[in-house]
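Rule-based calculations on the coordinates, nothing more; no lab input. Everything numeric in this text was worked out from a predicted model, so none of it was measured. Glycine also receives a Cβ, built like all others from the backbone with ideal geometry; neighbour counts cover every protein chain displayed.
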Amino acid sequence: MTIALRAVVCTRHLTVGYAGKAAASIPDLDLVGGLVWHVTGANGSGKTALLKTLAGLLAPISGQVERRCPMGRGGAIYVHSTPFIFAGSVKRNLTLADPRPDAVRLVVETFGLATLLDRQATTLSHGEQRRLALARALLGHPSLLLVDEPEGGLDDDAISVWRPFAARAVEAGEPALVVAAHHPLALTAVPTREIHLAKRIA
């Protein structure tokens with residue numbers, strides 16, 4: 001079955017960076033679902049700046065970002081490479097995103113969090129925190145999900161839930177999935193489009 005997909009974010013002549021200093025010039029993008037948009041490049045090439053700009057967390061240095069979805073819930077959601085975790089239990093972290101038990105139950109099953117619900121979220125391993133951050137992001141019902149270094153430091157359990165999740169998102173065409181990573185993604189059966197950023201020379 002072919003799914004007609006509409007771009008959730010379009011960019012034109014975009015330059016991204018921090019504090020007015022350009023890090024990368026970006027090829028024009030029309031971000032749709034149905035594939036993984038894989039942002040590659042060396043340290044300092046602007047990968048994180050691009051994701052944050054697409055999410056609306058950074059203003060462009062120049063160029064245009066046409067966002068056809070809101071920022072945050074129901075729209076563009078960014079998952080940091082070092083997850084931001086709220087105080088309290090894993091369950092509290094999830095219910096802050098969506099208090100509906102059925103919605104929480106679904107992501108708990110998807111990301112293998114059932115045995116962790118009563119744990120203090122700040123005591124989780126890095127891999128467990130990444131699973132929690134992805135689950136919490138999904139409870140925001142994103143139309144655009146931006147994930148920084150999705151497999152960085154993940155344990156086997158975390159990888160075993162991340163890769164099937166990415167494959168399902170691509171198959172469904174939603175959310176549109178943009179990931180930044182140094183190394184090739186181990187998603188060989190998933191259509192991928194690479195956005196390679198060359199480090200800018202001052």
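Among Glu151, Glu109, Glu128, what is the fewest-to-most ranking by other Cβ atoms within 10 Å?
The most exposed by this proxy come first: Glu109, Glu151, Glu128.
Considering the alpha-carbon set of segment 6-87 alone, what are its Rg and its Dmax in angstrom?
12.8, 40
Assuming R0 = 41 Å, what is the FRET efficiency of Thr123 and His13, from their Cβ-Cβ distance, to the nearest 0.05?
0.35
For each of Tyr18, Tyr78, count neighbouring Cβ atoms within 10 Å of the residue's Cβ, then give the residues from fewest to most.
In order of increasing Cβ crowding within 10 Å: Tyr18, Tyr78.
Could you please rank Arg130, Arg136, Arg73, placing first whichever residue has the fewest other Cβ atoms within 10 Å of its Cβ?
Arg73, Arg136, Arg130
On a 0 to 90° scale, report how tilted helix 126-139 is relative to the longest principal axis of the chain, with both axes built from alpha carbons and the result rounded to the nearest 10.
80
Per the helix-only calculation at 222 nm, which mean residue ellipticity applies to the chain, given -39500 (n - 2.57) for every DSSP H run of n ≥ 4 and division by its residues, nearest 500 deg cm²/dmol?
-9000 deg cm²/dmol
Dividing the alpha-carbon radius of gyration of segment 37-79 by 2.2 N^0.38 Å (N being the number of residues), what value is obtained?
1.20
Among Ala137, Ala176, Ala59, which one shows the highest mean-square fluctuation when the chain is modelled as a Gaussian network with alpha-carbon springs under 10 Å?
Comparing Ala137, Ala176, Ala59 in a Gaussian network model of the chain, the most mobile one is Ala59.
Taking 25 °C and 0.890 mPa s as the conditions, I'd like the Stokes-Einstein D for the chain in µm²/s, using the Kirkwood hydrodynamic radius from alpha carbon pairs.
Roughly 142 µm²/s, to the nearest whole number.
Cα axis of helix 101-110 to longest principal axis of the chain: angle in degrees, 0 to 90, nearest 10?
Approximately 70 degrees, to the nearest ten.
Work out the count of Lys pairs in the chain where the Cα-Cα distance is under 24 Å, with the pair 8 or more places apart or on different chains.
Value for the chain: 5.
Compute the acute angle (0 to 90°) between the alpha-carbon long axis of helix 156-172 and the principal axis of greatest extent of the alpha-carbon atoms of the chain; round to the nearest 10°.
60
Test of understanding: what is the full-extension gain from Leu96 to Asp30, defined as 0.36 nm times their sequence separation minus their Cα-Cα distance?
That works out to 20.6 nm of additional length.
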